[in-house]
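Contents: one structure, followed by commentary.
The values are calculated or read from the model by the stated rules, or taken from the named source; none is laboratory data. Keep in mind the model is a prediction, meaning the values are calculated, not measured. All Cβ positions, even for glycine, are placed from backbone atoms using ideal geometry, and neighbour counts span all protein chains on display.
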Amino acid sequence: MARRPKLSNVIAEDLLRWIARERLHPGDRLPNEKTLMEHYQCAKGTVREALRTLEVQGLVKMQTGPNGGAVIQPVPIGAVTQQLRTFLHFEELSFEQVYELRHSLEVTLALSVAGHLDGAQLARLEANIEECAEAMARDDRPGVRRAELAFHDILCDSCPNPLLTFMCRFINGLLRDLVEYRSQRLEEHHAFGRSNMESHLKLVAAFRDGDSAAVGRLMADHIHEAETFMSRLDAAFRSKDMLGR
């Protein structure tokens, strides 16, 4: 026979639905313990356990004192995606599988922000390219890869579609996990870095001009080139790994 779920877990799930239904925002408070005990007809310990479950998930923060209680918190995207990324890594995810989605998602992302980036956002993109150049000059390969992906995270910050933002940031996180320490062939990484910098510079110019057609074309070419480099790095990594066995 299936085991009945713990009452505290049932309450936690119900509170999640209530938060969504009432459209509560960070800073809003949940009802106090006494109110929750009366509503769910349960003991104080059960309510506290349910609230601790939400706190572990990062959804609320428990505050003490006369005005204490459970306060809604903004959930960092990294906390949301970490378990998904871990699950997919156990599935032996490949670059090819990631790029099947990235081709369309990144072009859609770029088109969604074309013509809407202000001076501060464009300055962030240009500063990111400078950061890449400095990391390349130091032969900081992991730093270069992180900075390159951060360019795309900056575009996510301006995206009006929260689902598209989530999916693109999730894929960027997967790529960070996959790429940082694959292959020691520095010449390949330097060529990859130069290609990415050139693509990013052209994209910023197109964003400044508000040229959506150019933005879409340049991003499509950029992601295609990135996939080619990534696949070669992955092949070199796997070949070296096989030789070491």
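Structure data summary
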quantity: Complete set of residues in the range 23-42 that are under 26 Å from the mean Cα position of the chain (by Cα) and not small (Gly, Ala, Ser); calculated: Arg23, Leu24, His25, Pro26, Asp28
quantity: Conditions (1) under 23 Å from the mean Cα position of the chain (by Cα); (2) within 18 Å of Gly143 (Cα to Cα); (3) of a type outside the set (Lys, Arg): number failed by Glu198; calculated: (1)
quantity: Subset tally (residues that are buried (at least 18 other Cβ atoms within 10 Å of the Cβ) and either without any contact (Cβ under 8 Å) to a residue 40 or more places away in the chain or not basic (Lys, Arg) (or both)) for the range 159-171; calculated: 6
quantity: Residue within the range 95-109 that is buried (at least 17 other Cβ atoms within 10 Å of the Cβ) and free of Cβ contacts under 8 Å to residues at least 40 places away in the same chain present; calculated: no
quantity: Check on Ala114, outside the structural domain of Ser212 (by TED's automatic domain parsing) and surrounded by 14 or more Cβ atoms within 10 Å (Cβ to Cβ); calculated: no
quantity: Any pair with Cβ under 6 angstrom, 6 or more apart, that starts in the range 211-225 at a residue that is under 16 Å from Leu105 (Cβ atoms) and at pLDDT 95 or above and ends at one that is surrounded by 15 or more Cβ atoms within 10 Å (Cβ to Cβ) and of a type in the set (Gly, Ala, Ser); calculated: Val215/Ala110; Val215/Ala114; Val215/Ala206; Leu218/Ala206; Met219/Ala110; His222/Ser199
quantity: Condition check for Ala147: surrounded by 16 or more Cβ atoms within 10 Å (Cβ to Cβ) and over 18 Å from the mean Cα position of the chain (by Cα); calculated: no
quantity: Unique match (being closer than 16 Å to Cys156 by Cβ, assigned to a loop (DSSP other than H, G, I, E, B) and at pLDDT 75 or above) among Leu101, Leu117, Leu105; calculated: Leu117
quantity: Test result for Ser183, at pLDDT below 90 and either touching a strand residue (DSSP E or B) at 6+ places or on another chain (Cβ under 6 Å) or surrounded by fewer than 17 Cβ atoms within 10 Å (Cβ to Cβ) (or both); calculated: no
quantity: Matching residues, the range 49-86, being among the basic types (Lys, Arg) and closer than 16 Å to Gly27 by Cα; calculated: Lys61
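Conditions tested, residue by residue: (1) closer than 27 Å to Gly173 by Cβ; (2) among the basic types (Lys, Arg); (3) buried (at least 16 other Cβ atoms within 10 Å of the Cβ); (4) modelled with pLDDT of 85 or more.
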| position | (1), (2), (3), (4) |
| --- | --- |
| Glu13 | yes, no, no, yes |
| Pro26 | yes, no, no, yes |
| Asn32 | no, no, no, yes |
| Leu59 | yes, no, yes, yes |
| Met62 | no, no, no, yes |
| Thr81 | yes, no, yes, no |
